[in-house]
Amino acid sequence: MTNFLYAVEVMINGLMAGVLYALVALGFVLIFKASGIFNYAQGVLALFAALTLVGLQEGQIPFAHLINATLGTELHHFGWHMPALLAILLTVGVMILLAIAIERFILKHLVNQEPIILFMATIGLAYFLEGLGDIMWGADIKTLDVGLPQGGSMWIEEKTAVLGGDGFYGFFIDRLDIVAALVAAVLVISLTVFSQYSKQGRALRAVADDHQAALSVGISLRFIWVLVWSIAGFVALVAGIMWGAKSGVQFSLSLIALKALPVLMLGGFTSIPGAIVGGLIIGVGEKLFEFTIGPMIGGATENWFAYVLALVFLVFRPQGLFGEKIIERV
Amino acid sequence: MFYREAGDFKTSYTQDSQTFPIRFDRFRYYAVLAVALAVIPFVIDDYWASALIVPFLIYAIAAIGLNILVGYCGQLSLGTGGFMAVGAYACYKLMTAFPDINIVLHIVGAGLVTAAVGVMFGLPSLRIKGFYLAVATLAAQFFLVWLFNKVPWFYNYSASGQISAPERTVAGIPVTGPNTEAWAQYLICLVFVVVLAWAARNLTRGTVGRSWMAIRDMDIAAEIIGVNPLKAKLTAFAVSSFYIGIAGALFFAVYLGAVEVGEAFGIQKSFLILFMIIIGGLGSIFGSFAGAAFLVLLPVLLKNVLVGGLGWPTDLAAHLELMIVGALIIVFLIAEPHGLAQLWRTGKEKLRLWPFPH
């Protein structure tokens, strides 16, 4: 009985981790739907957003390290402490500027290239942003605090303790995870509403269906791309805040993005609900696998379980759970 | 002036289809070989060998291997680091299990083991394509690294979890282990590079190479004209993994000597080698060399200029290097998708008409 309860707890925690994967995966799906680009840089975008947020909040001087090294000065901070909300708004601004720059300097020149070329370009972008983020704000691990609740929820622990016997103290669920789940739900609903009912959202879907047809009815492709990269930047910021608050802002954040790839494989590249369901499956699957089989084969299976699951899954259903069927013509 | 085919008459089909149809190219090739074999071993010292030349040679092998898969057959792989790890660990197991057999055979054996593993992870490529396949190869990358970390049999139950190469000799001269001279390291890598590059160049000109390229350009169309996709894709995975496995074995046994798998063969290595072939040129053997040389040289150069010349801290230089590499990838993809190899080709075309271009 207690074992079963532990398994349930592991499962719930897996669901919460899955929500965070889904948050990153969401950004991928948005860009893929609107421009057919598989954006490898999404994870680094999240890292960059979180770094910028922390930097602004703490009043760090951008490029301080570089300036000190070249001019021999001793700059560190502006000496203010920005309120979280203002810092978040400013970071959104930075992400929009970044989206404009990406469109202007990269995408515009790569129109009509093969998807694989675009994919490799985003790998290049990921490296560039990683270096830029480190040079601007420094590479040390930072703590991110925007006032989100932290630590286990006592209320849930007390309420569920009665389920088990003496050795069972109730489910441990991080309050941050609950907030993340709520935020993800709100984000998905608002994105769906946006793309279904707003004018820009419809334009976005038109571009996703057919670039040329969209152009011919007067939709500006460039504007839509900037828009969609801005939204992806915003989603990245949300994901960055959640992950950053959970485990600190550091390089490993961008590796989370890699985890989002198998999530997409499962859910299908073109489906927003797919991203959520895929995230949950991967989150629960890897936690349960680690819990049940992990101890037998040496542990740390979380590193690869998601990929192998996606690999096996792909062989049987290449388009994913909710993806559109892939049709190829000569 | 010198670089032209005028006056270079071909009187047989063999001559007509040779690798270097222009005489100047042929002589240049022999001259490079002669310098590499007869001059460099005598002048090479430890710094040059360990900082530039040996890594360049080993990465060139890996880049040729990846280029066969990505550039010639069009199957994107992000599992290069994992496959290099297979080569390294296979080499280690062979070296310790059969200490009496020549190290060269161990390295080739490591290549064969990697080829088998590569074919196994290549099987999904029959059903999935493009970046779907890239993610599938990521599974290989993470799974293999985890496997070598967690299963003690692979590192012979050593306490540190590392593997380190015992001393092995070729004709009485140590080529692995701490007593290896720089020139011996260099020569064994060079021999592998020359043989493998020659084989790759000829494979890609022949039937196998053409079927790879047909699959790359449009797999359905290739199938219709009679290319067997199963055979073409799996041979590409096998040959590519063979090369990468040999590169991994050399990297571990000859170059590093001791290896910790997550550090030496992590995902960063996969990207490094992918970048080499993007910058060097997809679908070109020369490009693999050019890209490997470029990305081995760049960090050393930046470090000398920024840290040595301007006195920057090393971490700043490392971050700037990331930015430069990323920006270069994008610039190359936009301006010259066929990489340094295409620049070289354009240069040669210009040279043929020089000095009278009209």
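Per residue, the convex hull spanned by the Cα atoms of the stretch B:30-131 measures out at 142 cubic angstrom. GNM, chain B, Cα, under 10 Å: largest mean-square fluctuation among B:224, B:244, B:279? It is B:224. Put simply, the Cα atoms of the stretch B:59-99 extend 38, 16, 15 Å along their principal axes, the longest span coming first. Its relative contact order, with pairs defined as Cα atoms under 8 Å and 6+ residues apart, puts chain B at 28 percent.
Test of understanding: express the Cα radius of gyration of chain B as a ratio to 2.2 N^0.38 Å, with N the residue count. It would help to have the intermediate numbers written out before the result.
On the way: Rg = 21.0 Å, N = 358, 2.2 N^0.38 = 20.6 Å.
Compactness ratio reported: 1.02.
Please give the net charge around residue A:224, taking every other residue with its beta carbon less than 15 angstrom from that of residue A:224, where Lys and Arg add +1 and Asp and Glu add -1. Local net charge: +4. Partner lysines whose Cα lies under 28 Å from the Cα of residue A:199, excluding those fewer than 8 positions away in the same chain, are identified as A:33, A:108, A:325. Each peptide among A:115-125, B:132-142 gets the average number of other Cβ atoms lying within 10 Å of its residues, and from highest to lowest they stand as B:132-142, A:115-125. Summing charges over all other residues whose Cβ lies under 15 Å from the Cβ of residue B:89, with Lys and Arg as +1 and Asp and Glu as -1, gives +1.
Here's the picture: charge each Lys and Arg Cβ at +1 and each Asp and Glu Cβ at -1 in the stretch A:2-316, and of A:212, A:185, A:133 the one pushed furthest to the positive end of that dipole is A:212. Among B:116, B:227, B:195, flag the residue with its Cα farthest along the positive direction of the charge dipole of the stretch B:24-266, charges on Cβ as +1 for Lys/Arg and -1 for Asp/Glu. Comparing the listed Cα positions along the dipole, B:227 ranks first. Positive contributions from Lys and Arg (+1) and negative ones from Asp and Glu (-1), summed over other residues with Cβ under 12 Å from the Cβ of residue B:9, come out at -1.
Can you give the mean number of other chain Cβ atoms that lie within 10 Å of the Cβ atoms in peptide B:74-86?
Partner-chain Cβ atoms within 10 Å, mean over residues of B:74-86: 1.
Dipole orientation for the stretch B:281-358: of the candidates B:324, B:286, B:307, B:286 has the Cα lying most toward the positive pole (charges on Cβ; Lys, Arg +1; Asp, Glu -1). About its Cα centre, the dipole of the protein assembly as shown is roughly 2060 debye, where the only charges are +1 on Lys and Arg Cβ and -1 on Asp and Glu Cβ.
Counting only GluC sites (Glu not before Pro) that sit in a DSSP loop (anything but H, G, I, E, B) with at most 15 other Cβ atoms within 10 Å, what is the longest stretch of chain A containing none of them? With GluC sites (Glu not before Pro) excluded where exposed in loops, chain A gives A:75-323 as its longest stretch. If the convex hull of the alpha-carbon atoms of the stretch A:2-316 is projected onto planes in all directions, what is the mean projected area in square nanometres? Mean projected area for the stretch A:2-316: 19.6 nm², to one decimal.
Averaging 1/r across all pairs of distinct Cα atoms in the protein assembly as shown and inverting the result yields a Kirkwood radius of 27.2 Å.
Taking the Cα centre of the stretch B:24-266 as reference, the dipole from Cβ charges on Lys and Arg (+1) and Asp and Glu (-1) amounts to some 780 debye. In terms of distances greater than 24 angstrom between alpha carbons, the cross-link table entries A:259/B:231; A:259/B:150; B:129/B:348; B:150/B:231 yield A:259/B:231; B:129/B:348; B:150/B:231. Remark: chain A carries a charge dipole of roughly 1040 debye about the Cα centre, counting +1 on each Lys and Arg Cβ and -1 on each Asp and Glu Cβ. Within the listed set A:44, A:207, A:186, the residue fluctuating most in the Gaussian network model of chain A (springs between alpha-carbon atoms under 10 angstrom) is A:186.
Computed on the stretch A:232-290, with alpha-carbon pairs under 8 angstrom and 6+ residues apart, the relative contact order is 19 percent. Counting Cβ atoms of other protein chains within 10 Å of each Cβ in A:113-125 and taking the mean gives 6. Take each residue in B:324-337, count the other chain C-beta atoms within 10 Å of its C-beta, and the mean is 6.
Counting every alpha-carbon pair across the stretch B:1-63, the share separated by more than 20 Å comes to 50%.
Since every read-out is calculated from the coordinates, none of them should be taken as a lab result. No experiment lies behind these values; they were computed from the predicted model shown. Here the Cβ is made from the backbone with ideal geometry for all residues, glycine too, and neighbour counts use every protein chain on show.
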